[in-house]
Structures are given as C-alpha cells and as structure tokens.
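Presented below is the structure to which this report refers.
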Amino acid sequence: MAIKFFGQFLIDKKIITRRDLLQAIELQEKTNLRFGDLVIEMGLMTTEQISLTLRAQRHEDLQFGDMAVKMGFLSPNQVKQVLNRQKREHLYIGEALVKLETITREKLSFYLGEFKQTQKASVTEKIIIPAGVPHQPVWEIVADMTYKMLARVAGATFQTDPCTFISRLPTRPVVVEIGFCGSISARYFLTISDNTRKLIASAMRKEGKVETGTADEVNNLVKEFVNIICSNVVSKTSQLGYNIDITSAQMRLLNNADLEIPEDQTGLLFPIHFSNGEIFELTICYPKDV
C-alpha cells in the first residue's frame, strides 16, 4: 500500500473535500513557522544572518540550527529553545481541520486511528534500494540529499514511496537533468509540475512571489536547486571513495521517445508526494553492464 497523507485519506473517505484540505494546509502554513522565521520572531538572529546560514546550508549537509551554531549565530541552548517552541506550537492537519470546524474532534480521533492502522505497513524512514542494484550507497545519498533540499530550501511537506524499477520516465511538464561521470556513469532526472517549479524557484529566491520573475529566471533557479543537490552528492560520496564529476543541470522538453529508458540502462524511480497533492519524481538511470 502506498504511503498517503491523512488529508488525502479523509478525501478518499469523503469526509472532507479537496477545498477543505487546501484551506487546512493554508492555516498550517500560517501557523507552523520555519526555524528561520522563529529565530527572527524571537530576536535571536538578524535577517542577514538567516541569509548567510541558508547559503552555507546549501553547500554542507547540516540542519539550520546546527549550521547557525557552527557559524556562531546561535548557541546550542538557543537551538533547543527554538525546537521546543516549534514542537509545542506545531499544528497538525487534523487539528487544523477541527479549528476550521470542518470535522469534529470525535471524528478526528476515529479516523486518525483508522488511518494509522492502514499506514503501519508503509511507514519507513529508511531509503531502501532494490536488491542487486550496484553502488547502492550512492543512490541512497542521492535520494537523501534530494529529500533534504526539498525540506530545507523549499520548505516542502512530503512523504516518499519505496524506490522501484521503471522503463519509462514519468510524464511531467518540467524535466531537469544532470549527468554523472567518473567513478559512476548515470543520469539524474527530476520530473515536476509547473506549480512545483514555482515553489522551488520562490524558495530559492527568498523574495516571496516568484511570478515577478521571467520564465528564464524561474528555470535558472530550479536548475541551481538541482546543481546544489548534486554538488552535495559529489562531496558526500567522495568520503566513500567515489570520484564523481557532474554536468550542469539542464531543463529539457522530452517527447515520447525520450521518455523511454534505453534498453542498455536501468531506471530507478523515487516518488515524492507533496501534502497538496502534487507529485515530484526523482529518477536515476545507470548502465546495466556495471
């Protein structure tokens, strides 16, 4: 059974509508402040320090608080204070629906229990690569860095399905590609919707509405996002003894023939499900003769 968000579970049960869910998500976004927003509100960091920390975080695999401590902007005790406040004030989607009077607390309790039972077999935080796939530690790092960038930079709420083999790339309006060479030959693809492209570009700009930028500016920001992911992959895999070079990210329009995985290659798909219903796919293609 595929991993599912509680909100989508309620939609499938016809307890709420998609409009109800989007309103609850909007309330969540207003309530659940990110770490950087909280330290500003608490007067612990300046906006300039936030920007410097975010930029540094793109090039080193550290949580925001740990990076701020490393750069001397926060103490470990201050990080704990912020994390405790985040946890104390966090608004879950079910509670948001109750606040909006979309469902009663009694219904929330009943359906949340049913949802947890249906998801027990699916929930896992470990990235599992199918048996027999070469260089498994590399693909685990690739997936992990992609997930971390989505969470840290884009601020996205998502869940992941297990990695599977595919013979055809997902059909999406936006495809970003990077080539790997050196110790490993492979291609890295992100297939995303136009809405997801705007989300990523907006987060990369840190200037709010991305619609003010041109199409080329938006695309360049998304390509920069992928470049950062793969640059971090190169850094982390070097610690395992791999010497990998990458090409610059390219945004492509693929026809039906391009969507097919070549017969001499294997495709690994990592599906990523956003809380608003959008789907974002990471695909790795590598030669079969490795």
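Just a few scattered comments:
- Qualifying residue in region 148-157 (condition: buried (at least 17 other Cβ atoms within 10 Å of the Cβ) and among the polar types (S, T, N, Q)): yes
- Residue within region 172-182 that is in contact with an Asp or Glu (Cβ under 7 Å, 6 or more places away or on another chain), among the aliphatic types (A, V, I, L, M), in contact (Cβ under 8 Å) with a residue 12 or more places away in the chain and in the same structural domain as L240 (by TED's automatic domain parsing) present: yes
- Answer from K87, K148 - the residue that is under 23 Å from T31 (Cα atoms), outside the structural domain of Q28 (by TED's automatic domain parsing) and of a type outside the set (A, V, I, L, M): K148
- Residues within region 262-280 that are of a type outside the set (A, V, I, L, M), under 18 Å from V222 (Cα atoms) and crowded, with 20+ Cβ neighbours inside 10 Å, tallied: 2
- Residue match in region 135-145 (condition: farther than 20 Å from S275 by Cβ, surrounded by 12 or more Cβ atoms within 10 Å (Cβ to Cβ) and free of Cβ contacts under 8 Å to residues at least 12 places away in the same chain): yes
- Residue check, I192 surrounded by 19 or more Cβ atoms within 10 Å (Cβ to Cβ), at pLDDT below 90 and in the same structural domain as E140 (by TED's automatic domain parsing): yes
- Scanning region 260-290 for residues that are among the acidic types (D, E), farther than 19 Å from K198 by Cβ and assigned to a strand (DSSP E or B) yields a single hit, E260.
- The helices (runs of 4 or more DSSP H) found wholly in region 52-127 and carrying at least 3 residues that are modelled with pLDDT under 90 occupy 105-119.
- Subset of region 31-65 [surrounded by fewer than 17 Cβ atoms within 10 Å (Cβ to Cβ), closer than 30 Å to E95 by Cα and not aliphatic (A, V, I, L, M)]: T31, R34, D37, E41, G43, Q63
- Candidates are the residues of region 66-106 that are without any contact (Cβ under 8 Å) to a residue 60 or more places away in the chain and polar (S, T, N, Q); the one that is farthest from T53 (Cα to Cα) is T104.
- Of the residues screened, S109 is one that is small (G, A, S) and free of Cβ contacts under 8 Å to residues at least 24 places away in the same chain.
The values are calculated or read from the model by the stated rules, or taken from the named source; none is laboratory data. Just so we're clear, the structure is a prediction, and the values are computed from it rather than from any experiment. Cβ: placed from backbone, ideal geometry, glycine included. Neighbour counts: every protein chain shown.
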